[in-house]
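The values are calculated or read from the model by the stated rules, or taken from the named source; none is laboratory data. Since we're looking at a predicted model, the values are computed, not measured. Neighbour counts run over all protein chains shown; Cβ positions are idealised from the backbone, glycine included. Note: areas computed on protein heavy atoms with side chains; ligands, DNA, RNA excluded. Shrake-Rupley method; radii C 1.70, N 1.55, O 1.52, S 1.80 Å.
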Amino acid sequence: MSEEGARTSPAGGRGGGVFAAGELVLLVDRKDRTYLRRLEPGGFFHSHGGLVAWDDLLGRPEGSEVRSAGGGRFRAFRPTLSDYIVKMKRGAQVIYPKDLGPILLLADIAPGVRVLESGVGSGALSIALLRAGAEVVGYEIRGDFARRARKNVREFLGAEAAARYRVEERDCYEALDLEDLDRVALDLPEPWRVVPHAAASLAPGGILVAYTPSVTQAARLREALAPGQWALAATVEVLQRGWHIVGEAVRPEHRMVAHTGFVTHARRLPS
C-alpha cells in the first residue's frame, strides 16, 4: 500500500472512542501550544521536554494526558477542522477558519451541492466544502498545489470525501467546461475574469462566491457582476476578537485577527 493510501484515517473532530493507530492527534502543552502529528505505533513525538511514546496513547480516550521522558505534560485530542487547516502542510497561503465559516453559509453549501472551486491552493476551502457534503471539482494551474490539496483532503477526511473531489490542472480564466453548477467558489488574483464563464456554467439561482485580499479586487469584481445577469451582490469582511476572561479580569484580548480578506457573493439570474 502506498504511503498516501496508508494514511487515510479521517479525523473530523469526532468525539468518543479511544485513540487508534494511524489517527491524527493534536497534542496541547501546558502553554496551550499545539502540535499536529499522526499516531504511529512504536513511534515517538519529539518535544522540547523529551520523547512522548505514541504507544502511551493507544486505547485511551480523548483528553488523556501523556508525559514526555523529561516530564513535560500534554493533552491529546483529535484535531477539529479549524485545528487541521491552521496546522496542515501547505504550498500556498490558505483561507483561514474565520473566513471559511462565512463562506460556507454565504454559498449555502449542503450535501450534494455541485461546486467548481478555482485557486485550490493547499485545499483548505476544498476540505471545508467537502466536509459540508459538497461535490467539488477544482481548477488549479500548479501541479504541486493540486497534489498537496488532494493529499490534505485524503489525510483529514478520508477516502469517501476524496471520491467527491476532482482536481484538474487547468486555468479557469480561459473557460469553465461544466454546466448546471450550483456554486462557483474563487480564490484568485483576478476573479472578475471568471465572471462570464461562471454566468454560463451556473444554474439560475446559483451562487458565485469569491475571496479577495484587497478591497480594490473586491470592487473590480463587483463591477463585473452586471445587473441583469447577477443579483443580491454583497461584500463582507470578517473580524475576530477574542476575550481574556480570568476571574474578575474580563477584557478584550490585546491582539485580534483583523483583516484577512473580503468575501463577495452574488446570485445568478436566468438568461
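Condition test on His244, is it under 16 Å from Glu117 (Cβ atoms) and in a strand (DSSP E or B)?
no
Matching residues to (1) touching a strand residue (DSSP E or B) at 6+ places or on another chain (Cβ under 7 Å); (2) basic (Lys, Arg):
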| site | (1), (2) |
| --- | --- |
| Arg147 | no, yes |
| Asn152 | no, no |
| Arg166 | yes, yes |
| Cys172 | yes, no |
| Pro189 | no, no |
| Pro196 | no, no |
| Gly205 | yes, no |
| Ala219 | no, no |
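Being in a strand (DSSP E or B), surrounded by 10 or more Cβ atoms within 10 Å (Cβ to Cβ) and either more than 26 Å from the chain's Cα centre (by Cα) or free of Cβ contacts under 8 Å to residues at least 40 places away in the same chain (or both) is the filter here; which residues of the range 208-230 pass it?
If the condition is that a residue be in a strand (DSSP E or B), surrounded by 10 or more Cβ atoms within 10 Å (Cβ to Cβ) and either more than 26 Å from the chain's Cα centre (by Cα) or free of Cβ contacts under 8 Å to residues at least 40 places away in the same chain (or both), then Trp230 is the only one that fits.
Before we move on, is Ala233 outside any strand (DSSP E or B) and not hydroxyl-bearing (Ser, Thr, Tyr)? Step through it out loud before you land on a result.
Details: outside any strand (DSSP E or B): no; not hydroxyl-bearing (Ser, Thr, Tyr): yes.
So Ala233 does not fit the description; no.
Can you give me the number of residues within the range 247-259 that are part of a loop (DSSP other than H, G, I, E, B) and touching a Lys or Arg at 6+ places or on another chain (Cβ under 7 Å)?
2
Got a sec? Which of Arg147, Arg67, Arg142 is open to solvent by 50 Å² or more (accessible area, probe 1.4 Å), on the phi < 0 side of the Ramachandran plot and in contact (Cβ under 8 Å) with a residue 24 or more places away in the chain?
Working: Arg147 fails: in contact (Cβ under 8 Å) with a residue 24 or more places away in the chain; Arg67 fails: in contact (Cβ under 8 Å) with a residue 24 or more places away in the chain.
Answer to the selection: Arg142.
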